[in-house]
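Below you'll find the structure, written out as structure tokens, and then a few comments.
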Amino acid sequence: MKKDIEAANIPYLLHPKPALLITCGPFEKSNIISIAWSIPISRKPPLVAVAISPKRYSYNLIEKYRAFAINVPTNEQSNAVKVCGSISGKDKNKWETAKLTKERARKIDTAIIKECIAHLECVLEKKIELGDHDLFVGRVVEAYGEEEAYGLGILNTSKFKPILHLGKDSFTTTV
């Protein structure tokens, strides 16, 4: 027998999804937000989209500064992902609280996270207002990752385990 799923839980039928750390805002005042709702939407030009609630501090930073970086953590950074998803950068310094290291992005004025294995630097192309989350479409202007992690063009899961969001406060990884 199949049961009805509440509207609030519908997205979790489409999980697991990679948990990502988005950095935004000027380097010195940059913030981090954890997300799992991301979509590659075009190769030519390279476009990705992330869904963020207008209630989030990072939403306003992306809208104002028109850029963001997608940082790909591994399962080893699961605590940092949880921290960055549970407190507001308006109230606390997530860099210090999550014990993450800031590095300058190559082409946009924000920080990237040193501990992450890959980075996509994005310039905001478009914001699409939807329901309780809006879609930020970013043009990837720079993408780079650890050679051991992406040497074959895809994630080497024998060496690096992605952190996958199951829903709510539950995470897993690959075997």
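Laboratory data are not the source of any read-out in this text; all were calculated from the coordinates shown. These numbers come from a predicted model, not from an experiment. FYI the Cβ positions are ideal-geometry reconstructions off the backbone, even for glycines, and counts take in every protein chain you see.
Using a Gaussian network model of the chain with C-alpha springs under 10 Å, which one of 76, 125, 96 is most mobile by mean-square fluctuation?
Among 76, 125, 96, the largest GNM mean-square fluctuation belongs to 96.
Expected output is a single nm value to one decimal: the length gained when fully extending between residue 114 and residue 5, i.e. 0.36 nm times separation in residues minus the C-alpha distance. What is it? Don't skip to the end; give the middle numbers.
Numbers: separation 109, 0.36 × 109 = 39.24 nm, distance 3.90 nm.
My answer for the length gained is 35.3 nm.
Return the Rg/Rh ratio of the range 47-97 with Cα-based radii and a Kirkwood Rh.
Values: Rg = 11.9 Å, Rh = 12.4 Å.
For the range 47-97, the value is 0.96.
Over the range 20-76, what is the mean sequence separation of C-alpha contacts under 8 Å (at least six apart), divided by residue count, expressed as relative contact order in percent? Provide the component values of the computation, followed by the final result.
Values: 75 pairs, mean separation 24.6, N = 57.
Relative CO of the range 20-76 lands at 43 percent.
How far, in nm, would the chain grow between residue 75 and residue 44 when pulled straight, counting 0.36 nm per residue and subtracting the alpha carbon separation? If you can, show how the numbers build up before the last one.
Working: separation 31, 0.36 × 31 = 11.16 nm, distance 3.03 nm.
Stretched fully, the residue 75-residue 44 segment lengthens by 8.1 nm.
Under the Karplus relation 6.51 cos²θ - 1.76 cosθ + 1.60, θ = phi - 60°, what is the ordered set of whole-Hz ³J(HN,Hα) values for the range 30-38, x standing for Gly and Pro?
Taking θ as phi minus 60°, the curve returns 5, 10, 10, 10, 8, 9, 10, 9, 10 Hz for the range 30-38.
For the range 83-175: lysine pairs with Cα atoms under 20 Å, gap of 8 or more or different chains, count?
For the range 83-175, the number of qualifying lysine pairs is 13.
Under a 5 Å amide H to amide H cut-off, with H placed in plane at 1.01 Å, what residues pair with residue 142 once short-range neighbours are removed?
The list, which skips near neighbours in sequence, is 121.
Ratio to report: Rg/Rh of the range 20-67, with Cα atoms as the point set and Rh obtained by the Kirkwood method; give two decimals. Present the calculation step by step, with values, prior to reporting the outcome.
Working: Rg = 11.3 Å, Rh = 11.5 Å.
That ratio is 0.99, to two decimals.
Would you compute, from DSSP H runs of 4+ residues alone, the mean residue ellipticity of the chain at 222 nm, taking -39500 (n - 2.57) per run and dividing by the full residue count, rounded to the nearest 500?
Values: 4 runs with 26 residues, N = 175.
The helix-only estimate for the chain comes to -3500 deg cm²/dmol at 222 nm.
Can you tell me the relative contact order of the range 133-175? Whole percent, Cα pairs under 8 Å, sequence separation 6 or more.
Details: 23 pairs, mean separation 9.4, N = 43.
Reported as a whole number, the value is 22 percent.
For the chain, report the % of Cα-Cα distances exceeding 21 Å.
Working: 7141 of 15225 pairs.
More than 21 Å apart: 47 percent of the Cα pairs in the chain.
Counting other C-beta atoms within 10 Å, and keeping those with at most 10, which DSSP coil trypsin sites (Lys or Arg not before Pro) do you find in the range 1-57?
On the way: sites: 2, 3, 29, 43, 55, 56; in loops: 2, 3, 43, 55, 56.
Taking the range 1-57 and a limit of 10 other Cβ atoms within 10 Å, the loop trypsin sites (Lys or Arg not before Pro) found are 2, 3, 43, 55.
Residue 101 to residue 161: extension gain in nm, 0.36 nm per residue of separation minus the Cα-Cα distance?
Working: separation 60, 0.36 × 60 = 21.60 nm, distance 1.99 nm.
Full extension from residue 101 to residue 161 adds 19.6 nm.
Any idea what the alpha-carbon Rg over 2.2 N^0.38 Å comes to for the range 1-85? Each step should come with its number before you reach the end.
Values: Rg = 14.8 Å, N = 85, 2.2 N^0.38 = 11.9 Å.
My calculation over the Cα atoms of the range 1-85 gives 1.25.
Can you work out ³J(HN,Hα) from phi for every residue in the range 108-117, in order, using Karplus 6.51 cos²θ - 1.76 cosθ + 1.60 and θ = phi - 60°, giving whole Hz and x for Gly and Pro?
For the range 108-117, the Karplus-derived couplings read 10, 8, 8, 9, 10, 9, 3, 6, 7, 8 Hz, x marking Gly and Pro.
Mind checking which of 135, 83, 111 is farthest towards the positive end of the chain's charge dipole, using Cβ charges of +1 (Lys, Arg) and -1 (Asp, Glu) about the Cα centre?
About the Cα centre, the residue reaching furthest to the positive side is 135.
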